[in-house]
Amino acid sequence: MITEDARALLSTGAVCDSCLGRPFADRSFGLTNAERGRALRTTVALADDEDFETTAPADCWVCEGYCGTFDAVAETIVDALEGTEFATYQVGTRVPPLVEENERLLREDAGLEPDVGESMKREMNREVGRRVGATTETEVDFDRPDVLAVVDLAGFDPLEALEAETVTSHAVDVQINPAFVYGRYRKLERDIPQTEWPCRECGGSGVQLGDDGEEPCDYCGGSGYMYDTSVEQVVRPHVVDAMDGDEGTFHGAGREDVDARMLEEGRPFVLEVKRPAVRDPDPAELEAEINDAADGAVEVDGLRLATYEMVERVKEHDASKHYRADVAFAEPVDGDAFETALDELEGTTVEQYTPERVDHRRAGLTRERTVYAIDGDLRSPTEAEVRLHGEGGLYVKELISSDGGRTEPSLAGLLGTDAEVTALDVTGVEGENEPFEREAYFLDEPRDGSEPATGDA
Ligand SMILES: [Zn+2]
Ligand SMILES: [Zn+2]
């Protein structure tokens, strides 16, 4: 039966071993298609007592020579990846429609199902991939490889490639997937935004049109930014440099107000680096470098090499927040009334209509958020420190001020006097159900945090 099928395939014209073997690709795991084809050709020759003749890919009417170019294509991919670090790869192939048509005709002419066995596309992906993996000592990853090489077979002439044993680099497109560094940042000074904030007047150009042409923007003084720096601008260049990438994107687990500090354990973030040539910089070194350069305004901590999934993790993972606020009252407040008001708020679910300051374009809506815990100290009749732990998304300034009655209940409402947050610190960002930092999201080993032995003893 299989011999008859092979005989029928051979009768369609000159067919190379790979093209002959491919219709039987689901038989005998562990053989290449070329090995299957050669065995079938031998079997038919013996059965029919014919002289044995091979057909080189260059003479094959089905693949038109492409099945002889696995080595050359693999070599071109390896060359294109020179200087790029990667641990996993994937190869994809675009097969010219005429060759796909040949594959179908081959099977139909032999009386087989038009798509029986394996396609040339799959064989090319696997055979070229195996060679790339063996040369570079890397593993194939069909899900999210570090690098992806797409081969366009129409981009080179197979007969020329067989002759020259090489393929033009134009036929190979190498994509390098981003790499990710996770960490937590602290913002020890106020008036630092989390991400870079282009000037609203000049749109980031730093220039405006004057009488004599372009001059520095009055609003930003020519910097192009609303603020001198940002957490992103402190962190990003070092990570992009260390990974020798093209550019970086900062992803924070929420953000605090520009005028709020971010203290204690800090806030989770991921720095995404596009087209990295290096994927495993030393996180401890990188951390030290960033902290040295930041000079106290911003600190990073716990840097780790992270997976792609960590981006969604920091953006989507439900987190509660701890705050410390300095509060000023318009009228003197009685100590007992202050304590009673805090007791009222503890454990309460607060209704908050979207504050004006948040987003003028966003349609207003009322959200409900829980105050898990709250306490405080009245420092003078008109000043207090308030510390609280609240559900993610709680508007703290409005919980204190009532925002003109749009937040209910509020400290101001309960005390019957205007109250305002004069300084705000975020003192903790923690996952509601489990920590952000789960090992499944990291690519490197945890650091124990201890200093290396100095040999003083
Ligand atoms: Zn062929
Ligand atoms: Zn400007």
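A compact table of results
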quantity	calculated
First in region 220-246 and without any contact (Cβ under 8 Å) to a residue 60 or more places away in the chain and within 23 Å of V207 (Cβ to Cβ), second anywhere and away from ligand 1 (no atom under 16 Å from the Cβ) and not in a loop (DSSP other than H, G, I, E, B), Cβ under 6 Å, 6 or more apart	G222/P216; E232/F250
Top-ranked residue in region 155-207 [being away from ligand 2 (no atom under 16 Å from the Cβ) and of a type in the set (G, A, S); ranked as surrounded by the fewest Cβ atoms within 10 Å (Cβ to Cβ)]	A164
Considering residues of region 208-247 that are touching a helix residue (DSSP H, G or I) at 6+ places or on another chain (Cβ under 7 Å) and open to solvent by 30 Å² or more (accessible area, probe 1.4 Å) only, the residue nearest to L188 (Cα to Cα)	H238
Condition check for V358: within 37 Å of the chain's Cα centre (by Cα) and under 23 Å from I192 (Cα atoms)	yes
Some residue of region 311-332 being open to solvent by less than 50 Å² (accessible area, probe 1.4 Å) and more than 42 Å from the chain's Cα centre (by Cα)	yes
Residue within region 393-401 that is of a type in the set (V, I, T) and closer than 16 Å to E346 by Cβ present	yes
Residues satisfying the stated conditions in region 248-307, i.e. part of a helix (DSSP H, G or I) and touching a helix residue (DSSP H, G or I) at 6+ places or on another chain (Cβ under 6 Å)	L286, E289, I290, A294
Selection within region 32-66 - over 22 Å from L105 (Cα atoms), in contact with a Phe, Trp or Tyr (Cβ under 9 Å, 6 or more places away or on another chain) and open to solvent by less than 80 Å² (accessible area, probe 1.4 Å)	T42, A45
Lone unmet requirement of (1) more than 41 Å from the chain's Cα centre (by Cα); (2) modelled with pLDDT of 95 or more for R387	(1)
Pairs with Cβ under 8 Å, 6+ apart, first in region 54-79 and under 14 Å from K121 (Cα atoms), second surrounded by 20 or more Cβ atoms within 10 Å (Cβ to Cβ) and among the aromatic types (F, W, Y)	T69/F156
Of the criteria (1) at pLDDT 95 or above; (2) on the phi > 0 side of the Ramachandran plot, which one A74 fails	(2)
Near pairs, Cβ below 8 angstrom, 6+ apart or cross-chain, from region 365-385 (free of Cβ contacts under 8 Å to residues at least 40 places away in the same chain) to any residue that is aromatic (F, W, Y)	L365/Y353; T366/Y353; R369/Y395
Counted residues, region 67-82 - those being under 24 Å from E35 (Cα atoms) and open to solvent by 40 Å² or more (accessible area, probe 1.4 Å)	2
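The values are calculated or read from the model by the stated rules, or taken from the named source; none is laboratory data. Since the model is a prediction, treat every value here as computed from it, not as a measurement. For neighbour counting, all protein chains shown are included, and Cβ atoms are generated from backbone atoms with ideal geometry for every residue, glycine included. Note: accessible area is taken over every heavy atom of the protein model, side chains too, but ligands, DNA and RNA are not part of it. Shrake-Rupley method; radii C 1.70, N 1.55, O 1.52, S 1.80 Å.
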